[in-house]
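The values are calculated or read from the model by the stated rules, or taken from the named source; none is laboratory data. Just so it is clear, the model here is predicted, and its values are computed rather than measured. Cβ sites come from the backbone with ideal geometry, for glycine too, and all protein chains shown count toward neighbours. Heavy atoms of the whole protein, side chains included, go into the accessibility calculation; ligands, DNA and RNA do not. Shrake-Rupley method; radii C 1.70, N 1.55, O 1.52, S 1.80 Å.
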Amino acid sequence: AVVSTQSTGEIEQLVQHKMQWRGAVQDLDYFDQQIRILERRNSLIEKLRRKQYELLSELKSTKDNLMSTDWKPDLTVDSTMNENSPGYLSALWKETSNLETRVNTCKSKILVETSFM
């Protein structure tokens, strides 16, 4: 039988290194998870901004069809909040939802007005 020549101290060092690496891997998993969360958040922000842009274009077109200037979008989240603040995504989501409602209302008004002409 072959007997290991490593001392108890060397084995303890190897065990310590193994534990350190295990902790490092757990840290990496945590950071990977945080990166995925931030990437998802940024993706949602970009999606909402694109949707707002599309809705604003649609609102302008619809308003032009109505020849109305009394509906003005009041988009303030980007100008009043920091993108990294905790409530930013929620506020942007609500603002986009309100804009979408406004566009749909404007479209409905066009349908009503053109139906009775």
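Of note:
- Of all residues in segment 15-60 being modelled with pLDDT under 85, open to solvent by less than 100 Å² (accessible area, probe 1.4 Å) and of a type outside the set (Asp, Glu), the one that is nearest to residue 78 (Cα to Cα): 59
- Some residue of segment 61-80 being modelled with pLDDT of 90 or more and hydrophobic (A, V, I, L, M, F, W, C): no
- The C-beta contact set for segment 40-52 (first residue closer than 12 Å to residue 96 by Cβ, second residue open to solvent by 70 Å² or more (accessible area, probe 1.4 Å), distance under 9 angstrom, 6+ apart or interchain) comprises 44/93; 48/93; 49/78; 52/78.
- On the stretch given as segment 82-117, residues that are assigned to a helix (DSSP H, G or I) and free of Cβ contacts under 8 Å to residues at least 24 places away in the same chain total 13.
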